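Asks: Structure provided below as structure tokens; questions to follow.
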Amino acid sequence: MSNLLTPRVDIRRSAERFTTDIAWLDSKHSFSFGHHHDPDNTHHGLLLVNNDDIVRPGTGFDTHPHRDMEIVTWVLQGSLVHQDSTGHSGIIYPGLAQRMTAGRGILHSEKNDSWRLEGDRHTEPVHFVQMWVLPDEARVTPGYEQLEIDAELLGGGLVPVASGLDKHDGAAAIRIRNRHAGLYAARLQPGGGVDLPDAPFVHLFVARGAVDLEGSGPLGTGDAVRFTATGGQRVTATEPAEILVWEMHATIAG
């Protein structure tokens with residue numbers, strides 16, 4: 001596919017994102033989302049949503065439906081309580097990967113109120129990134145999976161978080177229902193770096209900190225880069241940083 005595409009490195013700065021700022025939620029949207037719509041910014045590859053959310057304590061997203069979507073949640077700070085109509089519930093925290101398969105239909109809620117399940121009331125907001133990828137098969141049975149990968153992140157390299165790629169079959173990564181997409185995370189110390197995957201579509205998101213992208217220069221918290229038909233660039237931290245990287249070998253038709 002990459003032979004048919006025009007190579008491009010498209011940098012999107014943090015301040016360029018759509019913003020939803022209400023009493024309990026500060027949300028930044030990399031792509032069109034909700035009432036924010038730009039027909040030229042609906043997705044990159046298979047990635048439709050990259051929401052950078054801060055939810056105040058005692059609040060959150062009430063029960064709402066999803067369908068035919070692979071939803072991956074990555075917590076940066078605090079804790080997020082997940083409950084869904086398949087009977088799954090749990091607390092998501094930094095280093096714990098979570099995937100929800102909406103399939104033919106699921107209801108779920110996400111709240112910053114972990115004290116209802118355990119512990120004392122806290123005053124800390126929860127900061128997380130939620131990413132949506134189209135599945136390659138519709139109307140499957142809804143599902144949920146989570147996996148602790150905090151130890152793997154200590155190595156400083158790209159760690160598979162959630163993937164449907166054949167090369168990650170059997171690896172310590174949550175499986176998603178798209179054989180053309182995989183998500184990595186890396187926690188980098190100053191001077192540490194990783195090489196990005198070489199794929200038709202790559203999405204780099206600087207979740208926090210600052211890095212230098214080979215050939216493009218500095219990136220800060222909230223900045224993103226959309227790579228088309230190019231990859232393999234070196235990302236080097238200039239201060240402690242956490243990055244999320246999607247490797248995608250297909251795109252949404254049309």
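Asks: Take segment 58-117 and flag every residue that is touching a helix residue (DSSP H, G or I) at 6+ places or on another chain (Cβ under 8 Å) and assigned to a loop (DSSP other than H, G, I, E, B).
Replies: SER79, PRO94, GLY95
Asks: Out of the residues in segment 213-254 meeting the condition of being open to solvent by 60 Å² or more (accessible area, probe 1.4 Å) and assigned to a strand (DSSP E or B), tell me which one is farthest from SER27 (Cα to Cα).
Replies: Looking only at segment 213-254, we keep the residues that are open to solvent by 60 Å² or more (accessible area, probe 1.4 Å), and these are 214-215, 218, 221, 234, 238-240, 249, 253-254.
Narrowing further to those that are assigned to a strand (DSSP E or B): 218, 234.
Numbers: PRO218: 23, ARG234: 29 Å.
By that ranking, first place goes to ARG234.
Asks: Working only within segment 137-159, note down all residues that are at pLDDT below 95, in contact with a Leu (Cβ under 9 Å, 6 or more places away or on another chain) and crowded, with 16+ Cβ neighbours inside 10 Å.
Replies: Listed by number, the residues that qualify are GLN146, LEU147, ILE149.
Asks: From the set of residues in segment 16-41 that are open to solvent by 20 Å² or more (accessible area, probe 1.4 Å) and touching a residue at least 40 places away in the same chain (Cβ under 8 Å), which is nearest to the chain's Cα centre (by Cα)?
Replies: Checked segment 16-41; the qualifying residue nearest to the chain's Cα centre (by Cα) is LYS28.
Asks: Still on this structure, please answer the following. List the number of the failed condition for LEU165; all other conditions in (1) surrounded by fewer than 20 Cβ atoms within 10 Å (Cβ to Cβ); (2) farther than 25 Å from LEU80 by Cα hold.
Replies: The failed condition is (1).
Asks: Select from segment 89-126 the residues that are acidic (Asp, Glu) and crowded, with 16+ Cβ neighbours inside 10 Å and write down the one among them that is nearest to GLY182 (Cα to Cα). Lay out the reasoning, then the answer.
Replies: Taking segment 89-126 as the starting set, the residues that turn out to be acidic (Asp, Glu) are 110, 113, 118, 120, 124.
Pick out the ones that are also crowded, with 16+ Cβ neighbours inside 10 Å and you get 110, 113.
Working: GLU110: 24, ASP113: 30 Å.
Across segment 89-126, the extreme among qualifying residues is GLU110.
Asks: I'd like the full set of residues that are closer than 26 Å to LEU244 by Cα and open to solvent by 50 Å² or more (accessible area, probe 1.4 Å), limited to segment 77-88.
Replies: Across segment 77-88, the qualifying residues are GLN77, GLN83, HIS88.
The values are calculated or read from the model by the stated rules, or taken from the named source; none is laboratory data. Since this is a predicted model, take the numbers as computed values, not measurements. Every residue, glycine as well, gets a Cβ built from its backbone with ideal geometry; the counts of neighbours run over all protein chains shown. Heavy atoms of the whole protein, side chains included, go into the accessibility calculation; ligands, DNA and RNA do not. Shrake-Rupley method; radii C 1.70, N 1.55, O 1.52, S 1.80 Å.
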